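The values are calculated or read from the model by the stated rules, or taken from the named source; none is laboratory data. These numbers come from a predicted model, not from an experiment. Neighbour counts are summed over all protein chains in view; Cβ atoms, including those assigned to glycine, are modelled from backbone coordinates with ideal geometry. Keep in mind that these areas ignore ligands, DNA and RNA; they rest on the heavy atoms of the full protein, side chains included. Shrake-Rupley method; radii C 1.70, N 1.55, O 1.52, S 1.80 Å.
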Amino acid sequence: YPVQEHDTFLDIARDYDLGYNELAEANPGVDPWIPKPGQIILLPTEWVLPNAEYTGIVVNIPEMRLYYFRPGAQGTVIVTTYPIGLGRDDWRTPQGKFRITEKTVNPRWVLPESIRAEHRRDGKPAPPFIAGGAPDNPLGKYRLRLTLPLYGIHGTDIPWGVGMQVSHGCVRLYPEDIERLFPMVPVGTPGEFVYQPVKVGIRDGHVFVEVHKDIYELTPGPYREAVRLIDRLGLNSRVDFDRVGRAVSEQSGVPMNVTLEAGDDIQDEVRPP
């Protein structure tokens, strides 16, 4: 994408249904607030699927992306994916399985006492609730309530927070994305929050590694994690581990082809432990 006059990463991200984090990771060294007009920006619009059951909603926390899997024709599975904003480091989005228990249009936000106390400390208004449909309601127009207490998947009143750690643990989508997702997801749909900064996948005979920043610092040793995943999939003899190292070093969030091509040196026996 060639940058236009007055573009910021926030503008480009929303136009292409990406998170701010995805543009920032894929374009290191580019000023996200004043990119130069005409500068070419990489749009990361391909993804390795998370390692999870391909049913219902899967949220990969460090990637800040939601995947929705549903049955397609003739036994196929359709996946739809959206960028998200999630919990700050002091209000981390949890890992775990859940189900959708309720769907609400214009939900009222009842502020937990912990959040009201935080607002009071910060000198912000701390009402017991914010009415549904209010312009400052952080839940936006649509909410999916989960079996995980106090957490939900919903819209937002601050779309620029998609691709950032800005919430109290809930998952926020662009208003237009939650409007698309909401009617597709029935009550009872299963889901899972996973934490996978490193993903490995195969397409058309090629092996890809996708590495994101470890935002909560829960996966030390991303190279070891990549090697573990490659070994578990039985792909050692098909992988160039120098390329794996580059993918881990760059942490671009973009799937990198790490396939050992014909004529390459065989490195499987000399890769680092």
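Round to the nearest 0.05 the FRET efficiency obtained for Trp91 and Ala131 when R0 = 25 Å and r is the Cβ-Cβ distance. Plugging the Cβ-Cβ distance into 1/(1 + (r/R0)^6) gives 0.60.
Less than 5 angstrom separates the built amide H of Val239 from those of Leu260, all sequence-distant by 5 or more or on a different chain.
Highest mean packing comes first when the peptides 214-221, 250-257 are listed by Cβ atoms within 10 Å, giving 250-257, 214-221. Candidates (1) 1.08; (2) 1.01; (3) 0.94; which is the computed Cα Rg over 2.2 N^0.38 Å? Label (1) holds the value from this structure.
Which FRET efficiency value, to the nearest 0.05, is calculated for Leu218 and Lys103 with the Förster distance at 25 angstrom and r the Cβ-Cβ distance? Display every interim value, and only then the final one.
Values: r = 31 Å, r/R0 = 1.23.
Once rounded, the FRET efficiency stands at 0.25.
For region 35-47, backbone phi angles converted through the Karplus equation (6.51, -1.76, 1.60; θ = phi - 60°) give residue-by-residue couplings of x, 6, x, x, 5, 8, 10, 7, 9, x, 10, 10, 9 Hz, Gly and Pro being listed as x. Take every pair of alpha-carbon atoms less than 8 Å apart whose residues are at least six positions apart; their mean separation over the length of region 79-232 yields a relative contact order of 28 percent. Using the Karplus relation 6.51 cos²θ - 1.76 cosθ + 1.60 with θ = phi - 60°, the per-residue 3J(HN,Hα) values for region 218-226 come to 10, 10, x, x, x, 5, 4, 5, 4 Hz, with x marking Gly and Pro.
Summarising the amide proton neighbourhood of Tyr142: residues at separation of 5 or more, or on other chains, whose placed amide H is nearer than 5 Å comprise Asn106, Gly155. Note that region 177-182 has calculated 3J(HN,Hα) couplings of 6, 5, 5, 6, 6, 3 Hz, one per residue in order, obtained from phi through the Karplus relation 6.51 cos²θ - 1.76 cosθ + 1.60 (θ = phi - 60°); glycine and proline are x. Of all lysines in the structure, the ones whose alpha carbon falls short of 28 Å from that of Lys141, not counting any fewer than 8 places away in one chain, are Lys97, Lys103, Lys124. The share of Cα pairs per 5 Å bin across region 58-109, counted from zero up to the longest distance, runs 5, 13, 17, 21, 23, 13, 5, 2, 1 percent.
Sequence-distant contacts, meaning Cα pairs under 8 Å at least 6 residues apart, place the relative contact order of the chain at 20 percent. Ordering Ile34, Thr219, Thr189 by Cα displacement along the dipole of the chain toward the positive end leaves Thr189 in first place; charges were set at the Cβ atoms of Lys, Arg (+1) and Asp, Glu (-1).
Using the 1.4 Å probe convention, the accessible area of the chain works out to 49 Å² per residue with neighbouring protein chains retained.
For the chain, the mean residue ellipticity at 222 nm estimated from helices alone is -5000 deg cm²/dmol, where every DSSP H run of n ≥ 4 contributes -39500 (n - 2.57) and the total is divided by all residues, rounded to the nearest 500.
Atom-type composition of the exposed protein surface of the chain places 53 percent of the accessible area on carbon and sulfur (1.4 angstrom probe).
The DSSP beta bridges internal to the chain are antiparallel in roughly 80% of cases.
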